Amino acid sequence: GRMGDAQVTISNLRVVEIRPETNELVVKGAVPGARHGLLLIKSVAD
């Protein structure tokens, strides 16, 4: 459903590719939020 303006935490996403020339990160999985919105990505220890 819709999350509105709430903060949502999603786990089990995979980084597929890093493109440093365009500052892009390709992620596999369902990423919440609107198109062109801000996304905060944190690394977690395995």
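Data table
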| item | result |
| --- | --- |
| Whole-number D in µm²/s for the chain (Stokes-Einstein; Kirkwood sum over Cα pairs; 37 °C, 0.692 mPa s) | 265 µm²/s |
| Net charge of neighbours whose Cβ lies under 13 Å from the Cβ of V16, counting Lys and Arg as +1 and Asp and Glu as -1 | +1 |
| Net dipole in debye of the chain [+1 Lys, Arg Cβ; -1 Asp, Glu Cβ; about Cα centre; nearest 20] | 160 debye |
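Each value in this text was obtained by applying a stated rule to the coordinates, not by laboratory testing. Here the structure is a predicted model, which means the values were calculated and not measured. Using ideal geometry, Cβ is built from the backbone for each residue, glycine included, and neighbour counts are taken over all protein chains shown.
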